[in-house]
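The values are calculated or read from the model by the stated rules, or taken from the named source; none is laboratory data. Predicted model only: the values in this text are computed from it and were never measured. Because the Cβ atoms are built from the backbone with ideal geometry, glycine has one as well, and the counts that use them run over all protein chains shown. With ligands, DNA and RNA removed, areas are computed over all heavy atoms of the protein, side chains included. Shrake-Rupley method; radii C 1.70, N 1.55, O 1.52, S 1.80 Å.
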Protein chains: 2
Amino acid sequence: MDDLGQSDSAEREDPRIRATRIQDVAKLADVSTATVSRALATPERVSPEARARVLEAIAKTGYVPNPAARSLRSQKTFMVLVVLPDLSNTFFSKILRGIEETLFDAGYGMIISDLDGSPAKEAHFAAFTAAGRVDGAILLNGHLFGQSREGEGQPARIAIPLVALCEAIPGADIPQIEIDNRAAASRMTQHLASLGHRRIAYVSGPASNILERERFLGFKDGLEAAGLPFDPAFVIPGDYTIESGVAAGQGLVARKTRPTAVFCTSDEMAIGLMRTLLSAGLRVPEDISVAGFDDIEFAAVAEPSLTTIHQPRRELGQAAATVLIDLLQGRPTRKQIRLETELVIRDSVAPAG
Amino acid sequence: MDDLGQSDSAEREDPRIRATRIQDVAKLADVSTATVSRALATPERVSPEARARVLEAIAKTGYVPNPAARSLRSQKTFMVLVVLPDLSNTFFSKILRGIEETLFDAGYGMIISDLDGSPAKEAHFAAFTAAGRVDGAILLNGHLFGQSREGEGQPARIAIPLVALCEAIPGADIPQIEIDNRAAASRMTQHLASLGHRRIAYVSGPASNILERERFLGFKDGLEAAGLPFDPAFVIPGDYTIESGVAAGQGLVARKTRPTAVFCTSDEMAIGLMRTLLSAGLRVPEDISVAGFDDIEFAAVAEPSLTTIHQPRRELGQAAATVLIDLLQGRPTRKQIRLETELVIRDSVAPAG
DNA sequence: CAACCCCATGTAATCGATTACATGCAACTT
DNA sequence: AAGTTGCATGTAATCGATTACATGGGGTTG
């Protein structure tokens, strides 16, 4: 079961067969390497006969151009870096899929950088992009990287096209793809208020997060629009994770004056919070209504099913990738794209009792 | 809000500053390019003074080696391809994180290929690896790719190191990292039986899937060990998704003779199924016990919380990456690694009433 | 003192594609 | 018929790093 020797056999059976090169194809098709290259890149500039011979030779040899050589010469990698704060977060996976499929269709590959809160990783990937290893990057982490901290002299970096997705990057002059977090949060707050809720708690994201700041403003907007006062005591700190939702729930259970509705700024927190309330014998939504944000897959099958704000995650990914590709290929792009959200009404919110 | 002109300004402000090359560093440090290269790759072969001058020059210029050039010459990319069937599946995200962090620490980057059931994508990535664009690959999709279908002649591919993760690949002579699906399924089945359940239903994965085949065998093992007969009527088809769990639940609700326990081979299905049962007025676990498999994040906060099989997902990813790196660096590796699973007992399973 | 070795370093070939420039031929113009 | 145009193609420079081989100087050994 625990055989060793894998590498030995690998060494034996692998005499490093040199892959087919453009020269081999050229020889076989009886043309020059330039013609082979042109037959692939600009077929219209090659005679039909030569092209046919080249294609036949390629089919016969299974030739695939060496990307390192191509990249070295043409200064293009056809690779895009996707920077995100936490790869294991449910919220990102569908966005990634939208990005991947769009990039794929345009012939680009995707390299993922999971920052994981590590400045070292961030510096590494900053160098990575500077080294020209990717043609462009999509930033989901809310800030640019490598603020000229290392080299003292003139860094002389190559500036590659960047796009910010979900988390807008304030001072940066790059396209932003996002939803209107403020408006969505306001809408949810007003929805709760319209059902008669007067004591509405708010479970926040990390204070430094731009999404949090927008949603918090939206929450206050909503209160104001509904003529409700803002009470700081009803703001509960969170960080978008299930665990922080659980913790927020525990805090609520212990209170004397409970809110009648809780607006969680992520579905993960809402699900964790509901769990805690239910365990403590409270009923959702009869005793407390709970609302979420994001509309992840599990929102619809939570018990009770979760009223939330739907984000078009796949489309967000697609839009960001599309904009980046436009940028890479020199087409004009929009500076800001805001996709529509939707208020999804399910069972976790009921009229105030 | 919808400004155009991004690309115009990009063209203006971007005179394609050429990045620092090894020559620039060499000139500045007053040594040859060979010495610069050696100072980085084999510092012990360079005099301390020269090394110091080189490092200083590098710091001053912010030099980063051009990866395309390096890769072209050395035939290494320091990139690993991760092939998976569905990037948006919750189950994979934590595995990916384990892979990414391990690769990162070893200086490798990660390229993700989401096959999405598309043979075209599969062929593309087969060519991709063949083109030497990555040094190795981790396969999470249960089979090798590109079975010599395209070129008629001798494909003459470069064989790169591969590792199979989670889904073992039968005929392939590559390292396998997985859990013992059969034993785990058997264990869960026996757990249910030990609580007095005699009518145990099984919600399957896709029939073609190797995980499914193993788990199904384990289910039968468990029944046999408990002295229970196998009844095909209690096998309900599924495909690991929430939706198929919902569908399976609808089927159950409609039955006259219901099982007293349901073993779902994924947590997603279990959660979807519980949701349907609850909506139909059945109680979990009082009327029907439900068990899952995987122990995803949401299992602990489902209502009721889900009894399931814990898979060490992050560790699986780390193990696969570690083995691949060993392979890439010529160290001997184990052919098969099986990580331990754990039976996690929560509230969705109760003794048979 | 001569012969040898080793170490640090430099010179230049090399990886495999793209592409600027050169060439030669055919077709068209006046 | 001479000149012009344009197309298909070939030749060779080029991208930037790695590395085999060459070189020269200092130290060791017989």
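Data table
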{"item": "Filtered trypsin sites (Lys or Arg not before Pro), the range A:252-323: DSSP coil and at most 14 other beta carbons within 10 Å", "result": "A:R255, A:K256, A:R283"}
{"item": "Radius, Kirkwood style, for the range B:256-353 when every pair of distinct Cα atoms is counted (Å)", "result": "15.1 Å"}
{"item": "Environment charge at A:E243 (Cβ cut-off 12 Å; Lys +1, Arg +1, Asp -1, Glu -1)", "result": "-2"}
{"item": "FRET efficiency estimate (nearest 0.05) - Cβ-Cβ, A:R73 to A:D30, R0 25 angstrom", "result": "0.55"}
{"item": "Exercise: per-residue mean of other protein chain Cβ atoms within 10 Å, A:84-96", "result": "5"}
{"item": "Shielding by partners - mean other protein chain Cβ count within 10 Å, residues of A:290-301", "result": "4"}
{"item": "Axis-proximal residue, chain B, for the rotation superposing B on A (Cβ, Å)", "result": "B:E303, 2"}
{"item": "Simple label model, 7 Å out from Cα along Cβ direction - B:E315 to B:D347, nm", "result": "2.8 nm"}
{"item": "Total charge dipole magnitude, chain A, about the Cα centre, Cβ charges on Lys, Arg, Asp, Glu only, Debye to nearest 20", "result": "900 debye"}
{"item": "R0 of 56 Å, Cβ-Cβ distance B:A172-B:E56: FRET efficiency to nearest 0.05", "result": "0.70"}
{"item": "Positive-pole candidate from A:G227, A:H191, A:P237, dipole of the range A:181-312, charges at beta carbon", "result": "A:G227"}
{"item": "Fraction of beta bridges assigned by DSSP in chain B that are antiparallel (%, nearest 5)", "result": "10 percent"}
{"item": "Cβ-Cβ FRET estimate between B:S194 and A:E286, R0 fixed at 35 Å, reported to 0.05", "result": "0.45"}
{"item": "Whole-number D in µm² s⁻¹ for the range A:181-312, Kirkwood Cα-pair radius fed into Stokes-Einstein, 10 °C, 1.306 mPa s", "result": "113 µm²/s"}
{"item": "Net charge dipole size for the range A:225-339 [Lys, Arg +1 and Asp, Glu -1 on Cβ; Debye, nearest 20]", "result": "340 debye"}
{"item": "Karplus-derived 3J(HN,Hα), 6.51/-1.76/1.60, for each residue of the range A:261-271, Hz, glycine and proline x", "result": "8, 10, 9, 9, 8, 8, 5, 4, 5, 4, 5"}
{"item": "Whole-Å distance, taken between Cα centres, linking the range A:64-108 and the range A:272-290", "result": "42 Å"}
{"item": "Principal axis dimensions, largest first and in whole angstrom, of the range A:275-332 by Cα", "result": "59, 14, 14"}
{"item": "Length released on extending from B:K335 to B:V235, taking residue separation times 0.36 nm less the Cα-Cα span", "result": "32.6 nm"}
{"item": "Cβ-vector label at 7 Å, B:P229, separations to other copies in nm", "result": "7.1"}
{"item": "Taking chain B and dividing mean pair separation by its residue count, relative contact order in percent (alpha carbons under 8 Å, at least six apart)", "result": "16 percent"}
{"item": "Relative contact order, percent, the range A:17-65 [alpha-carbon distance under 8 Å, six or more residues apart]", "result": "46 percent"}
{"item": "Using alpha-carbon coordinates, inclination of helix A:313-328 to the longest axis of chain A, degrees", "result": "40 degrees"}
{"item": "Net dipole in debye of the protein assembly as shown [+1 Lys, Arg Cβ; -1 Asp, Glu Cβ; about Cα centre; nearest 20]", "result": "1180 debye"}
{"item": "B:Y202, A:Y63, reordered so the largest accessible area comes first (probe 1.4 Å)", "result": "A:Y63, B:Y202"}
{"item": "The range A:17-65 - Rg over Rh from alpha carbon coordinates, Kirkwood radius", "result": "0.94"}
{"item": "Placed amide H near B:M110: partners under 5 Å, 5+ positions off or other chain", "result": "A:I112, B:V80"}
{"item": "For A:V82, net neighbour charge (Lys/Arg +1, Asp/Glu -1) across residues whose Cβ lies under 15 Å away", "result": "-3"}
{"item": "222 nm mean residue ellipticity, helices alone, for the protein assembly as shown (DSSP H n ≥ 4; -39,500 (n - 2.57); rounded to 500)", "result": "-13000 deg cm²/dmol"}
{"item": "Share antiparallel - DSSP beta bridges, the protein assembly as shown, percent rounded to 5", "result": "10 percent"}
{"item": "Mean projected area (nm²) of the alpha-carbon convex hull when chain A is viewed from all directions", "result": "26.2 nm²"}
{"item": "Dimensionless Rg/Rh of the range A:68-115 - Kirkwood Rh, Rg from C-alpha atoms", "result": "1.07"}
{"item": "Across the identical copies, how the B:S118 labels are spaced - nm, sorted shortest first, 7 Å along Cα→Cβ", "result": "3.2"}
{"item": "Cross-link partners of B:K335 among lysines (Cα-Cα below 25 Å; sequence separation of 8 or more within a chain)", "result": "B:K76, B:K94"}
{"item": "Computed lengthening from A:E44 to A:R21, 0.36 nm per intervening residue step minus Cα-Cα distance", "result": "6.0 nm"}
{"item": "Residue with peak Gaussian network fluctuation, chain B [Cα springs, cutoff 10 Å], from B:Q75, B:Q23, B:Q176", "result": "B:Q23"}
{"item": "Pseudo-label separations to other copies for B:R45 - Cα-to-Cβ vector, 7 Å, nm", "result": "4.0"}
{"item": "Cα gyration tensor of the protein assembly as shown - equivalent ellipsoid semi-axes, whole Å, descending", "result": "47, 35, 23"}
{"item": "Cα-based radius of gyration of the range B:53-198 once divided by 2.2 N^0.38 Å, which approximates compact folds", "result": "1.39"}
{"item": "Whole-Hz ³J(HN,Hα) from phi, Karplus 6.51 cos²θ - 1.76 cosθ + 1.60, for the range B:212-226, glycine and proline x", "result": "4, 4, 5, 5, 5, 4, x, 4, 5, 3, x, 4, 5, 4, 8"}
{"item": "Mean separation of Cα contacts under 8 Å (6+ apart) over length of the range B:201-322, as relative contact order %", "result": "22 percent"}
{"item": "For the range A:301-312, Karplus couplings with θ = phi - 60° (6.51, -1.76, 1.60), whole Hz, Gly/Pro x", "result": "10, 5, 10, x, 5, 9, 6, 7, 9, 7, 9, x"}
{"item": "Max mean-square fluctuation residue, GNM over chain A, Cα-Cα springs under 10 Å, options A:T333, A:T308, A:T265", "result": "A:T333"}
